[in-house]
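Peer 1: Here's a structure for you.
The values are calculated or read from the model by the stated rules, or taken from the named source; none is laboratory data. Predicted model only: the values in this text are computed from it and were never measured. A quick note on method: Cβ atoms are made from the backbone with ideal geometry, for glycine too, and the neighbour counts reach across all protein chains shown. For accessibility, only protein heavy atoms count, side chains too; no ligands or nucleic acids. Shrake-Rupley method; radii C 1.70, N 1.55, O 1.52, S 1.80 Å.
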Amino acid sequence: MKLLIFQHVPHEHPGYITDYAAKNNIELTVIELWKKYTLPDYKNFDGLIIMGGPMGVYENEEKFPSKLDEVNYIKNAIDKIPVIGFCLGSQLLAYALGGKVAPNFIDGKIRKEIGYYDIELTGEGQVDHIFRDFSSPLKVLQWHGDTFSLPENAVLLATSPDCKNQAFRFGVMAYGTLFHFEFTPEMVSRQNEIDKDWINKDFSFDKNQVIAQSKDYKILMEKQCEIIMNNFLSLTKNGK
């Protein structure tokens, strides 16, 4: 199998997805979007994965130069091949489908989710193909201050108290999750350093606790990434 990956910054790489691909003889083509790039024909791939990143979908081309290319590509790939987006990737997918992306405001203040949180699967999420073999609630890594509105005809699959729209499905082959499954402990540690100014602005954060949790949850995150990838790669037009 061949998977196409859109990667936005060097430190938010496929992580556990790379390990999964190596174990399952899957070829990954990673487009490093901060460099000069050419987007290949989606028809040559069995799926598209859109990674996270620090940019906002509402930002202009100067701050997010690959945005329009990605959005147009996603629109063309929808219903043709399986597509899944994590964090920024979910926001790009929602935007491409007509949803809105904006800072996650609650009571007039931006409400960030950074670290390990429990999310709840909705009734639809508990029976959806992508979350097969998961139970609710489930532990995930969050690293965002933005959220998306649910696109028309999309199905809400997961939610949390601080950010209602956590995961969705559109059609039978397109999924977005605001949270991450792919981060290794090394990635979490690196993210802490790179994002420290943003993290600590109007947010109470215990860096050492989150780094320790990344090690405690390592086996769980690896397993959940494996399950998600198994479910994602078994998608067909019928979602079975």
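Peer 1: Give, as residue ranges, the strands (runs of 3 or more DSSP E) completely inside the stretch 104-148 that count at least 1 residues that are open to solvent by less than 30 Å² (accessible area, probe 1.4 Å) and of a type in the set (G, A, S).
Peer 2: Those strands (runs of 3 or more DSSP E) span 113-121.
Peer 1: Going by what's in this entry, would A212 be described as of a type in the set (G, A, S) and crowded, with 16+ Cβ neighbours inside 10 Å?
Peer 2: Spelling it out, it is not the case that A212 is of a type in the set (G, A, S) and crowded, with 16+ Cβ neighbours inside 10 Å.
Let's see how each residue does on (1) among the aliphatic types (A, V, I, L, M); (2) open to solvent by 50 Å² or more (accessible area, probe 1.4 Å); (3) free of Cβ contacts under 8 Å to residues at least 12 places away in the same chain:
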| site | (1), (2), (3) |
| --- | --- |
| A158 | yes, no, no |
| D162 | no, no, no |
| Y175 | no, no, no |
| D195 | no, no, no |
| K201 | no, yes, yes |
| N208 | no, yes, yes |
| L220 | yes, yes, no |
| L235 | yes, no, no |
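Peer 1: Give the residues of the stretch 158-179 that are part of a loop (DSSP other than H, G, I, E, B) and touching a Cys at 6+ places or on another chain (Cβ under 9 Å), sorted by residue number.
Peer 2: Result: L178, F179.
Peer 1: Scan P54, P10, P65 and give me the residue that is open to solvent by 10 Å² or more (accessible area, probe 1.4 Å) and touching a residue at least 60 places away in the same chain (Cβ under 8 Å).
Peer 2: Residue meeting the stated conditions: P54.
Peer 1: Would you confirm, using the coordinates I've provided, whether N72 is polar (S, T, N, Q), surrounded by fewer than 16 Cβ atoms within 10 Å (Cβ to Cβ) and either at pLDDT below 95 or closer than 25 Å to E222 by Cα (or both)?
Peer 2: The answer is no for N72.
Peer 1: Only one of these conditions is not met by T184: (1) open to solvent by less than 10 Å² (accessible area, probe 1.4 Å); (2) touching a residue at least 24 places away in the same chain (Cβ under 8 Å). Which number is it?
Peer 2: (1)
Peer 1: Does N153 satisfy being part of a loop (DSSP other than H, G, I, E, B) and more than 23 Å from K218 (Cβ to Cβ)?
Peer 2: It is true that N153 is part of a loop (DSSP other than H, G, I, E, B) and more than 23 Å from K218 (Cβ to Cβ).
Peer 1: Could you check the stretch 187-219 and list, in sequence order, the residues that are of a type in the set (D, E), part of a helix (DSSP H, G or I) and more than 18 Å from V140 (Cβ to Cβ)?
Peer 2: E193, D197
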